[in-house]
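Data block below; observations after.
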Amino acid sequence: SYNSSADALKAMLELFGLFKAKTKWLVVGDILEQGEREAEVHKKAAHEIHKQAFDKVILVGPRVKEHTAPELRKLGFKAESLMVFVDPKDALTYL
């Protein structure tokens, strides 16, 4: 997800939605260089993630922690299915 854009993330999520798998995990990092739209873009990402059937979502970065994770929780995403890390090394250790 390095230097992804909001549109690219949405397209990839839609593509992942087409894949048939017994278990689906998603790892998403911050969407950088959004300026004043930072919070809005990361909250919209939560809505796009929520549309798909992921068994586990791992968020990595301060922006997804601050904006995407709380929005996913508001949307009813189960706590046990959501992992949030600021440091990529911690996410790697978890994975």
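The values are calculated or read from the model by the stated rules, or taken from the named source; none is laboratory data. In this text the structure is predicted, and so the values were computed from the model without any measurement. Backbone-built Cβ (ideal geometry, glycine too); neighbour counts: all protein chains shown. Just so you know, the surface numbers come from the protein's heavy atoms only, side chains and all, with ligands and any DNA or RNA stripped out. Shrake-Rupley method; radii C 1.70, N 1.55, O 1.52, S 1.80 Å.
A simple count of charges around LEU32, restricted to other residues whose Cβ falls under 11 Å of its Cβ and scoring Lys, Arg +1 and Asp, Glu -1, yields -2.
Under 14 Å from a point 7 Å along the Cα-to-Cβ line of THR93: which residues of region 61-87 have their amide N that close? Only 84-87 fall inside the zone, counting backbone N under 14 Å.
Karplus-derived 3J(HN,Hα) values for region 10-19, using 6.51 cos²θ - 1.76 cosθ + 1.60 with θ = phi - 60°, are 4, 4, 5, 4, 5, 5, 4, x, 7, 6 Hz; glycine and proline are entered as x. Computed over protein heavy atoms with a 1.4 Å probe, the accessible surface of the chain works out to 65 Å² per residue.
Surface composition of the chain: carbon and sulfur make up 55 percent of the accessible area, probe 1.4 Å.
Largest first, the three principal axis extents of the alpha carbons in region 19-59 are 39, 16, 14 Å in whole numbers. For PHE85, the residues whose modelled amide H falls within less than 5 Å of its own, excluding neighbours fewer than 5 places apart on the same chain, are LEU59, VAL60, GLY61.
Rg over Rh for region 37-95 works out to 0.95, using Cα positions for both radii and the Kirkwood form for Rh.
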